[in-house]
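Below: the structure, in structure tokens.
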Amino acid sequence: MAQSWGAQHLKSGDEIIVSNLEHHANIVPWKRLADKKGLTLKVIPVDDDGQILLDEYARLLTPRTRLVAFTQVSNALGTITPAEQIVAMAHQAGAKVLVDGAQSVSHMPVNVQELDADWFVFSGHKVFGPTGIGVVYGKEALLNETEPWQGGGNMIQDVSFEEIKYHNAPNRFEAGTGNIADAVGLGAAIDYVTHLGMANIGAYEHALLEYATHHLKQVPGVRLIGTAANKASVLSFTLKGYSNDDVGKALNQEGIAVRTGHHCAQPILRRMGVETTVRPSLAFYNTCEDVDRLISVVSRLSSSSR
């Protein structure tokens, strides 16, 4: 959307607002566009728990705000943002809104019509589909007035050497032979989680998150990073006396898969005073027994460091 709608409609002096919670994927395209076109990039701050400060956001909105782009769920902290309120405030200011749903689609029900965002985007692998495919949902009229991102076969209605007529959305954004196999795989993944029920998945993962949070907080030396009241099932933490990579390796030796590093979200981790964390991501296939194994390893490390 940055390279199509953004390149087509934004001009020098226009303002884009993102939040401090963003994954690099929702920072880099806008920053590159801002540098290229002389746009102003503003950032919604968060509090010490990792929650969006709506009063500060309201102050950032001006008549020059053309786009607000923010995540529905933070990948690094698990914070669930007040998405409908953020969208409504942006629209009241006359701005368009893009919501990054990469972290929300696998954890909670999402109704794009109720959300009322102009665009909603997510990655296929986040909802247990193949890698290399994603989704852009957009309001139909807005998509139809947006220039194609890429040109090629299959996205045209008519071609002559004098004029090219494009199909309406979605075909105008599908240059070349479609990624058919991955689209079938993504469709199967969406059918699978829909059959399980996103509300059921969300409720189960929330209970698992509460269980894990309670027990992890009891381990001496553990610092939880991101303690918003409303969270998806993501835990970020550090352990005193150990590098995050050391903790990750110890967990790996017990068959427990976590991610260590900056999680492609350096600004929010730096806001929390760290460069990296250990991040277990809990899903509907996890159990309390899995959490117990994780806590056991972290507790053992904690005891041996004292």
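Structure notes:
- GNM flexibility winner over the chain from S106, S296, S74 (Cα, springs under 10 Å): S296
- Cα-projected label distance for R32 with L54, points at 7 Å along beta-carbon direction, nm: 3.4
- Taking the DSSP bridge list for the chain and keeping only pairs wholly inside it, about 55 percent are antiparallel.
- Take every DSSP beta bridge whose two residues both sit in the stretch 2-140; close to 30 percent of them are antiparallel.
- The chain - percent relative contact order, Cα under 8 Å, separation 6 or more: 17
- Sequence-distant residues sharing a close amide H with I44 (under 5 Å, placed H): V18, S19, N20
- Candidates E275, E254, E205, ranked by Gaussian network fluctuation over the chain, Cα under 10 Å, top entry: E254
- Per-residue extension of 0.36 nm, minus the Cα-Cα distance of I180 and Q253, leaves a gain of 22.5 nm for this segment.
- Between 0 and 90°, nearest 10: helix 28-37 axis offset from the chain longest Cα axis: 40
- Whether the stretch 40-198 is rounded, prolate or oblate, judged on the alpha carbon gyration tensor where a/c under 1.5 counts as rounded: oblate
- Here's how it looks for K96: its modeled amide H is under 5 Å from those of L67, V68, which are all 5 or more places away or on a different chain.
- Point-to-point label distance, T40-H167, nm (Cα→Cβ direction, 7 Å offset): 4.1
- The length gained on full extension between E114 and N230, counted as 0.36 nm times the residue separation minus their Cα-Cα distance, comes to 39.8 nm.
- Separation of the stretch 87-106 from the stretch 132-156 is 19 Å, based on Cα centroids.
- Zone residues, the stretch 90-133, relative to A188, backbone N less than 20 Å from point 7 Å out along Cα-to-Cβ: 106, 123-133
- Relative contact order of the stretch 198-305, pairs being alpha-carbon contacts under 8 Å that are 6 or more residues apart, as %: 32
- Computed extension gain for S304 through E275, at 0.36 nm per residue and net of the alpha carbon distance, reaches 8.0 nm.
- Build a GNM of the chain with springs between Cα atoms under 10 Å apart, and of P45, P109, P63 the one that fluctuates most is P63.
- For semi-axes √(5λ) of the Cα gyration tensor in Å, the candidate list reads (1) 26, 23, 20; (2) 46, 24, 20; (3) 37, 23, 17; the entry that matches the value derived from this model is (3).
- Helical runs assigned H by DSSP (4 residues or longer) give the chain a calculated mean residue ellipticity at 222 nm of -10500 deg cm²/dmol, each run adding -39500 (n - 2.57) before division by the residue total.
Quick note: the coordinates plus some simple rules give every number you see, no bench work behind them. Keep in mind it's a predicted model, so treat the numbers as computed, not measured. When we count neighbours, we look across all protein chains shown, and the Cβ atoms used for this are built from the backbone with ideal geometry, even at glycine.
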